[in-house]
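Colleague: Let me give you the structure first, and then I'll get to my questions.
The values are calculated or read from the model by the stated rules, or taken from the named source; none is laboratory data. Source: prediction; values computed, not measured. Note that each Cβ is placed from the backbone with ideal geometry, even for glycine, and that neighbours are counted across all protein chains shown. All accessible areas refer to the heavy atoms of the entire protein, side chains included, with ligands and DNA or RNA removed. Shrake-Rupley method; radii C 1.70, N 1.55, O 1.52, S 1.80 Å.
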Amino acid sequence: MAANYWLSSQNRHWRFSRQQLENIRLETESETRFSRPELGDPRHLRIYFHGLIQSLGRHLSVRQQALATSEIYLARFYVRTSVQETNPYLIIATCVYVACKMEECPQHIRSVVSEAKSLWPDFITHDPTKLAECEFYLIEELDSFLIVHHPYRSLIQLSKALGASGVNVGLSSDEMQTAWSVINDSYITDLPLLYPPHVIALTAIYMSVVLRPPTVAAQAERAKTRLQKIMDWFAGCGIDLEAVVDCAQEMISLYDVWESYSEKTCRELIARVVSGRRG
């Protein structure tokens, strides 16, 4: 296992520029063998898939880091494979199954199949060999690079560093919870494919302070001073502030899109995709 992110397969093989990511996806979509129903805003589908992973995780009592790893696998998989060529429900169940193995909280294949079948009876069979076959397909598409570095550890380390630094601006428990939630939501976006984990963690810290505005003028002034100290600390540590701002804008864009998200619409779209392939 690569303990150093910079030497890891995640950095060397699964981090892209926005242009690279767009080019790969355009090539993937151009090669699809199936007619393409209109799937709408891809971010809506990402929100829908995120919800499916969280739901299956709750039924299996899977810890959050394993679910985060499964979301990375899913995002990587759909960089190179069109949604129209797959059964997303089976892919999601497989991602969770493999991620649990890698994060050392394994689930029996029959348990995963059983819970997935109970959640999505029209799209999952009782036959565990289907998931076993899909496991090999998934690993092949991921080039067997399954170790994932997450922003959670960076968040904890950076929060401690902020509190211990000369500026003494450690995060409150509420701000830590907000930052943790921002990281959870970041897996819906392309950020894990674009930026190192520590940049996403820094973005979560920044947003946890900005997204919790004070209600009193005196508090507002103190909050402004505190935010400036945090940004000065970022700059003093040689952090790429443009990258943090770009990540923050991506997250704000996600939350804006979420306002128009319809689970029912996405469920119907995916049902048409899967039924079209069966036909």
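Colleague: From the list LEU26, LEU90, pick out the single residue that is surrounded by 21 or more Cβ atoms within 10 Å (Cβ to Cβ), more than 16 Å from the chain's Cα centre (by Cα) and free of Cβ contacts under 8 Å to residues at least 60 places away in the same chain.
Modeller: After applying the criteria, what remains is LEU90.
Colleague: On the given criteria, is ILE156 among the hydrophobic types (A, V, I, L, M, F, W, C), open to solvent by 30 Å² or more (accessible area, probe 1.4 Å) and assigned to a loop (DSSP other than H, G, I, E, B)?
Modeller: No.
Colleague: Being open to solvent by 50 Å² or more (accessible area, probe 1.4 Å) and without any contact (Cβ under 8 Å) to a residue 12 or more places away in the chain is the filter here, so list the residues in the range 93-119 that pass it.
Modeller: The answer is LYS101, GLU104, PRO106, HIS108.
Colleague: How many residues does the range 44-98 contain that are touching a helix residue (DSSP H, G or I) at 6+ places or on another chain (Cβ under 6 Å) and basic (Lys, Arg)?
Modeller: 1
Rundown of residues vs (1) among the polar types (S, T, N, Q); (2) at pLDDT 95 or above; (3) under 21 Å from ARG46 (Cα atoms), yes/no style:
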{"site": "ILE91", "(1), (2), (3)": "no, yes, yes"}
{"site": "ALA99", "(1), (2), (3)": "no, yes, yes"}
{"site": "CYS105", "(1), (2), (3)": "no, yes, no"}
{"site": "HIS108", "(1), (2), (3)": "no, yes, no"}
{"site": "GLU141", "(1), (2), (3)": "no, yes, yes"}
{"site": "LEU146", "(1), (2), (3)": "no, yes, yes"}
{"site": "ILE156", "(1), (2), (3)": "no, no, no"}
{"site": "LEU162", "(1), (2), (3)": "no, no, no"}
{"site": "GLY166", "(1), (2), (3)": "no, no, no"}
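Colleague: What number goes with the only condition from (1) of a type in the set (Val, Ile, Thr); (2) open to solvent by less than 20 Å² (accessible area, probe 1.4 Å); (3) modelled with pLDDT of 90 or more that THR178 does not pass?
Modeller: Only one criterion is unmet by THR178, namely (2).
Colleague: For the subset of the range 182-237 comprising residues that are modelled with pLDDT of 80 or more and of a type in the set (Asp, Glu), which member is surrounded by the fewest Cβ atoms within 10 Å (Cβ to Cβ)?
Modeller: Going through the qualifying residues, I end up with ASP232.
Colleague: Show the residue pairs meeting these rules: Cβ distance below 7 Å; 6+ apart or different chains; first residue within the range 122-146 and farther than 15 Å from ALA93 by Cβ; second residue small (Gly, Ala, Ser).
Modeller: PHE145/SER9
Colleague: Suppose we filter the range 34-65 for residues that are loosely packed, with under 14 Cβ neighbours inside 10 Å, modelled with pLDDT of 95 or more and assigned to a helix (DSSP H, G or I); how many remain?
Modeller: Count: 1.
Colleague: Is the range 175-188 home to any residue that is of a type in the set (Gly, Ala, Ser), touching a residue at least 40 places away in the same chain (Cβ under 8 Å), touching an Asp or Glu at 6+ places or on another chain (Cβ under 9 Å) and assigned to a helix (DSSP H, G or I)?
Modeller: Looking through the range 175-188, at least one residue is of a type in the set (Gly, Ala, Ser), touching a residue at least 40 places away in the same chain (Cβ under 8 Å), touching an Asp or Glu at 6+ places or on another chain (Cβ under 9 Å) and assigned to a helix (DSSP H, G or I).
Colleague: Looking only at the range 42-71, count every residue that is among the polar types (S, T, N, Q) and closer than 23 Å to GLU22 by Cα and tell me the total.
Modeller: 2
Colleague: Any residue in the range 75-82 that is under 30 Å from SER260 (Cβ atoms) and outside any helix (DSSP H, G or I)?
Modeller: The answer is yes; a qualifying residue exists.
Colleague: For the range 121-145, give me the residue count where each residue is within 22 Å of THR189 (Cβ to Cβ) and crowded, with 19+ Cβ neighbours inside 10 Å.
Modeller: Counting residues in the range 121-145 that are within 22 Å of THR189 (Cβ to Cβ) and crowded, with 19+ Cβ neighbours inside 10 Å gives 2.
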